[in-house]
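For reference, the structure is listed below as structure tokens.
Quick note: the coordinates plus some simple rules give every number you see, no bench work behind them. Given the structure is predicted, the values throughout are model-derived calculations rather than measurements. Neighbour counts are summed over all protein chains in view; Cβ atoms, including those assigned to glycine, are modelled from backbone coordinates with ideal geometry.
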Amino acid sequence: MNRFSKMAVLSVLPLMSSLASAADAPNLAQQAAQEYLNLAKYPEWTLPVPAGAANPILADREVDVVRQLGPNGSGPALAVWSDSIRYERGDTANLFAQLQAKPQSDADVLSAPSADAKGPWQIRGEIVDASNETVASVTFADDGKGADQAAGDGIYSASYVLGEAGQPAVGQAASLGYRVTAENEAQEQRVAMNGFQYSHPAASLTGEFKDRVVDGNLVISAQVEAVQAGRVHLAGVVNNALGDALVLAQTSATLGKGEQWVDLVVYGLPLREAVALGPLSLGAITLTTTQGMPNALGDVLQGAHQTGVIAPAALTDKPFGRANLLDAAARLNALAK
């Protein structure tokens, strides 16, 4: 189910049982039923992206900023983040820390450096594994060298190179954390912890793609190189000619070792409804190895392929008709009567 639509549906149902008045309940049931009917038009493997919404693949890869205030919620807050949520062997994880003014709201993520921070602050970090064992130590600096982009801007930076030690087996991934400690001359201390994935995918995209229309659907074939046989998940977001995300398409496949093609089938109806004449493009596409937990995330390729012009008449105009959602809509409509 489209995560945006699903959230809307799930937010309606509890209201029907606990908050809505008797007069409002039938109307809410009808709204939820209509939401299910709209979703039933599309298969689970091709879901439209709401107009104006962010690319869902890129949104899922956004890094989280973790902030830790002092005792009793006092400022400044120590904020820590990295430049990616996943890395592979040989990659450099760039880590960042900043003493920030006490946030006024949860929306204040990367606010200005704290004016009430008593300095100078010394910031150090530890890379830890899932057992909380220290893998490496790093020192943060605000000197404009290495990972630090600008000296004296209040953002401290450190780097960690993912090496052979601790690398997961092929097709697996491991969660690593980084614990950051900031201390000043007044012996004030802030400790914050964040993390990232050390990924070792068993298969990767080569960057070669081709497309065709089959039975009213757009089929994008992605060339994959697998170093080990196993199961993978392929997800892609199709953009229109203006760069707006239209649909999220997904598929799973079991691969053999070597080079092969995986077909990503994009149901034609949402493209037809969007009057997507083309050229269409892959706004983002990624391959995940699903042989263990956590799944081994692969790189995200952006703008990797562009189709030719596609006539709307070549795309299906038939609703998919997801039976479970149609049944849920019927039950909600009956409740509303």
Next on the checklist: List residues of the stretch 289-312, by number, whose backbone nitrogen lies under 17 Å from a label position 7 Å along Cα→C-beta of residue 54.
Outcome noted: 300-302
Next on the checklist: Please list, by residue number, everything in the stretch 240-284 whose backbone N is under 18 Å from a paramagnetic label point 7 Å out along Cα→Cβ of residue 318.
Outcome noted: 265-273
Checklist outcome for this item: Between residue 304 and residues 5 or more places away or on another chain, the pairs with built amide H atoms under 5 Å apart involve 282
Checklist entry - When the chain is fully extended, how far beyond the present Cα-Cα distance does residue 336 get from residue 185, taking 0.36 nm per residue of separation? => result 47.8 nm
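Can you compute the FRET efficiency between residue 38 and residue 254 using 1/(1 + (r/R0)^6), with r the Cβ-Cβ distance and R0 = 22 Å? Round to the nearest 0.05.
Calculated value: 0.10.
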Next on the checklist: To test your reading of the geometry: what angle, between 0 and 90 degrees and rounded to tens, separates the Cα axis of helix 323-336 from the longest principal axis of the chain?
Outcome noted: 90 degrees
Item to check | Förster radius 51 Å - calculated FRET efficiency between residue 233 and residue 139 (Cβ-Cβ, nearest 0.05) | outcome: 0.85
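From the alpha carbon gyration tensor of the chain, can you work out the equivalent ellipsoid semi-axes (sqrt of 5 times each eigenvalue) and give them in Å, largest to smallest? It would help to have the intermediate numbers written out before the result.
Details: eigenvalues 347, 170, 66 Å².
Semi-axes from the Cα gyration tensor: 42, 29, 18 Å.
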Checklist entry - Stokes-Einstein at 25 °C, 0.890 mPa s, Kirkwood radius from Cα pairs: D for the stretch 120-206 in µm² s⁻¹? => result 167 µm²/s
Next on the checklist: Please compute the modelled spin-label separation between residue 167 and residue 129, points set 7 Å along Cα→Cβ, answer in nm with one decimal.
Outcome noted: 1.5 nm
Next on the checklist: If the only charges are +1 at each Lys and Arg Cβ and -1 at each Asp and Glu Cβ, what is the size of the charge dipole of the chain around the Cα centre, to the nearest 20 debye?
Outcome noted: 1020 debye
Next on the checklist: Residues of the stretch 239-255 with backbone nitrogen within less than 18 Å of a virtual label 7 Å along the Cα-to-Cβ line of residue 221, please, listed as ranges.
Outcome noted: 251-255
Checklist entry - Stretch residue 159-residue 206 to full length: gain in nm at 0.36 nm per residue minus the Cα-Cα span? => result 14.1 nm
Checklist entry - So how far apart, in nm, are the two label points at residue 31 and residue 92 if each is 7 Å from Cα heading toward Cβ? => result 5.1 nm
Checklist entry - Of all the Cα-Cα pairs you can form in the stretch 214-293, what percent are over 16 Å apart? => result 52 percent
Checklist entry - Against the longest principal axis of the chain, how steep is helix 3-14, in degrees 0 to 90 to the nearest 10, with axes from Cα atoms? => result 80 degrees
